[in-house]
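A.B. asks: Dropping a structure here in structure tokens format, bear with me for questions.
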Amino acid sequence: MPKRTWTQMADGSTAGDGRAPAVSTSPSDSGRRHAQQADQAARPEISRKIKACAACRKQKIRCDMESGGPPCRRCRERNLSCVLNRSLQTLLDEQSQFKEDIVHDLDAIHSSLHQLADKGILSDLPALRSLAHAVREDPPVPDDPPEGLSCDNSPKLSPQDEGLAHAPIQSVYYLTKLRALRSDVEARPTTSKLNDFISKGQLSLEDAERLFHLYHDRLDHFIYRVGGRYSTLDSLRRASPTLTACICTVSAMHDPASNHLYSVCKKEFRKLVTHAMFDGHVDHDYLRALSVGAYWLSDMSWMLSGIAVRRATQINLSAQFRSLHPAGPSSSSSSTSSDALDLIRLWYISYVSDSHLSILYGRAPMVRDDVAVQRLDEFLAAPSTTEDDKRMTSQVALLVILRHIYDLFGPDTSAPIPSVYATQIATFSRQLDAWLGRWSPALARNAAIGDFPARGVLIHFHFAKLYLYSYVFRGVGSAARMPPGLLDSAAAAVEAATSIVELLLRDRDLSDALNGMPSYLLSMTCFACVFLLKLTTGPARELGLVERELVGGLAAQLVRRFRETPVGKWHLVHLMADGLEKLAGTLLGEGGGGGGGGVEQAGVNGAQPGMGGLGGVVDVLGAGDGQGLGRPTGLLGGNSPFFNFDMDFNYDSLSLLQ
């Protein structure tokens with residue numbers, strides 16, 4: 001047998017067959033190996049070990065250790081003190097061996113206790129911090145998947161496989177059996193063993209319970225109870241780690257005492273969403289998590305909503321609408337109808353989020369107005385519908401109107417609105433009035449959020465009016481180019497923006513709902529404030545477009561209201577408070593003799609000392625120059641405008657009193 005080379009000895013392989021020794025793949029062994037590798041990587045490189053005693057080293061003579069340790073022969077013959085100074089290498093070797101033995105013993109004890117916990121004898125145990133810490137700092141790189149495409153060896157036949165293909169991709173799957181071409185929609189069974197970031201000790205069970213109850217008891221009512229399918233944290237964790245992380249993230253953002261938990265939960269949520277990106281299985285709770293995240297997490301909402309829509313389309317979620325009123329008696333069970341209702345709710349909330357983001361970013365929506373959207377009354381007539389379903393239906397009905405508005409005006413931001421569009425604008429305005437008249441008295445009080453359902457209809461109405469009438473400012477480079485027939489619409493836009501701010505200040509239910517509103521409502525509030533403040537600059541104040549003192553007072557009160565809202569520091573409310581104060585101080589202080597009309601005179605204290613930046617809001621609004629109506633970019637995490645207003649709009653010859 002030939003000798004092994006140094007490379008083979010370092011790799012641990014044999015010279016004969018080149019096979020590597022077997023490696024254990026258990027989680028505990030993996031953690032120990034990771035700890036050993038990290039420990040070895042931190043050691044200094046020492047070329048040799050010390051083998052001579054101090055006396056022999058001093059004389060630079062050979063030191064013979066007959067028994068493998070002191071005393072050596074020379075020290076024993078001369079009756080000298082034989083001391084062998086241990087090197088750093090020796091100390092590290094002994095420490096590493098002791099550390100490895102301790103970790104091994106603790107892991108064995110922990111495994112035994114964990115088996116008792118699985119049998120219900122003990123409560124759930126937290127993960128070992130020694131191993132969990134090593135894995136969290138530098139997780140091992142997973143093995144690369146085998147090259148090539150994965151196929152189904154024994155695919156389950158579906159009714160589509162028996163007849164003609166309804167989509168070309170079904171024929172491709174029929175021939176190739178490529179697993180990625182088939183959508184796995186079967187529900188995954190809940191697991192009896194918890195393995196999430198709570199069990200790993202990244203989030204304590206006590207904090208997780210508190211965040212869960214905050215969401216379940218309050219926040220979920222703002223999203224029409226779509227995310228509150230599970231009544232306990234334990235059932236939620238066993239069903240979906242992704243939904244668990246999402247709910248904890250949203251709650252931590254709304255809780256002023258959980259600022260330190262927000263980054264932990266958000267990091268876990270992003271990781272789970274990323275890992276599931278190429279998973280062929282479509283989990284309904286995964287869709288639920290994406291919808292909840294898109295509803296509140298403004299910096300992730302665009303991406304989450306897009307993924308949710310694609311996933312929902314992948315499993316043809318809107319087709320569940322036909323199951324609400326089954327024709328055959330065999331499929332008329334209450335469980336089937338209840339499941340269909342839940343899936344239709346997921347489709348509606350995907351539609352709502354997609355429409356909200358379309359409005360905020362000025363982009364075309366992804367979801368079409370399909371049969372489920374066009375026949376809302378049939379959804380409400382289905383058994384087991386709730387008051388929350390009625391609220392969601394009202395929101396979908398409003399967004400249908402707003403989509404028609406977008407379709408009329410289109411995405412071209414450079415073209416002014418023709419005066420002949422005044423008739424269509426009036427038609428849309430009457431549709432919004434009819435929507436308000438139907439839904440405002442129809443929504444009942446909610447035990448968790450008070451009269452917000454009915455009051456929310458009113459503020460949504462004003463948001464829609466602002467969205468409709470603000471199109472008249474688009475593409476107008478100078479006041480002389482605005483058609484006279486659209487001046488009334490411009491005045492109506494100012495009235496709608498003013499009503500939005502006054503409602504948030506005067507209405508207690510809406511003011512309390514600032515801690516819980518979706519990012520869409522907060523972003524529209526931000527736009528209404530910037531819209532009014534921009535109209536106070538230049539000649540517009542003298543032409544009677546807005547009252548400068550009124551806008552300054554509203555801005556001052558709104559800043560105070562934002563700062564009084566009990567939310568986390570990463571919430572949009574706190575970010576908008578700092579930005580609104582700085583923007584008002586800049587714009588209202590431009591005229592009147594060098595800043596005499598600043599926000600301080602309106603009742604707001606000056607900017608906080610050391611504020612430096614603008615809290616991430618004014619920078620993206622592009623409002624520091626005080627020119628035009630402003631085109632806020634990037635407020636929701638992207639470089640996109642709200643309504644694509646002309647930044648160079650000139651008010652020199654504009655008067656709404658003509």
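A.B. asks: Report the calculated FRET efficiency for Arg322 and His213 (r = Cβ-Cβ distance, R0 = 30 Å), to the nearest 0.05.
C.D. replies: The calculated FRET efficiency here is 0.25.
A.B. asks: Under a crude label model (7 Å from the Cα following the beta-carbon direction), how far is Ile315 from Ser112 in nanometres?
C.D. replies: Computed distance between label sites Ile315 and Ser112 equals 4.3 nm.
A.B. asks: Cβ neighbours within 10 Å, averaged per peptide: list 578-589, 204-215 in order, most packed at the top.
C.D. replies: Highest-to-lowest ranking by the protection proxy: 578-589, 204-215.
A.B. asks: Follow-up. Cross-link list Lys465/Lys569; Lys200/Lys271; Lys266/Lys569; Lys99/Lys271; Lys534/Lys582; Lys193/Lys266: which exceed 21 angstrom alpha carbon to alpha carbon?
C.D. replies: Too far apart for the 21 Å limit: Lys465/Lys569; Lys99/Lys271; Lys193/Lys266.
A.B. asks: Between Val567 and residues 5 or more places away or on another chain, which pairs have amide H atoms under 5 Å apart, with H built 1.01 Å from N, and which residues are they?
C.D. replies: none
A.B. asks: So, one more: Could you check the spin-label model distance between His404 and Asp105? Points 7 Å from the Cα along Cα→Cβ, value in nm.
C.D. replies: Label-label distance for His404 and Asp105, simple model: 7.7 nm.
A.B. asks: Here's a follow-up. Provide the packing ranking of 554-567, 360-373, 420-433, i.e. peptides ordered by the mean count of other C-beta atoms within 10 Å per residue, highest first.
C.D. replies: Ranking the peptides 554-567, 360-373, 420-433 by packing returns 554-567, 360-373, 420-433.
A.B. asks: Can you tell me the length gained on complete extension of the stretch Asn85 to Glu495, counting 0.36 nm per residue apart and subtracting the Cα distance?
C.D. replies: 139.0 nm
A.B. asks: Calculate the FRET efficiency for Asp512 and Arg62 from the Cβ-Cβ distance with a Förster distance of 56 Å, rounded to the nearest 0.05. Each step should come with its number before you reach the end.
C.D. replies: Numbers: r = 87 Å, r/R0 = 1.55.
Once rounded, the FRET efficiency stands at 0.05.
A.B. asks: Here's another thing I want to ask about it. Evaluate the distance, in nm, between pseudo-label points positioned 7 Å from the Cα of Glu378 and of Ser231 along their respective Cα→Cβ axes.
C.D. replies: With each label point 7 Å from Cα toward Cβ, the separation is 3.3 nm.
A.B. asks: Turning to a different aspect of this structure: For the ranges 277-288, 236-247, 463-474, 487-498, what's the packing order if you count other beta-carbon atoms within 10 Å of each residue, average per peptide, and put the highest first?
C.D. replies: Final packing ranking: 236-247, 463-474, 487-498, 277-288.
A.B. asks: Residue separation times 0.36 nm, minus the C-alpha to C-alpha distance between Asp433 and Asp369: what's the value? Before the final figure, lay out each step's value.
C.D. replies: Values: separation 64, 0.36 × 64 = 23.04 nm, distance 2.14 nm.
Roughly 20.9 nm would be gained on extension.
All of the numbers you see were taken from the coordinates with simple rules; none came from a lab. Computed from a predicted structure; not experimentally measured. Because the Cβ atoms are built from the backbone with ideal geometry, glycine has one as well, and the counts that use them run over all protein chains shown.
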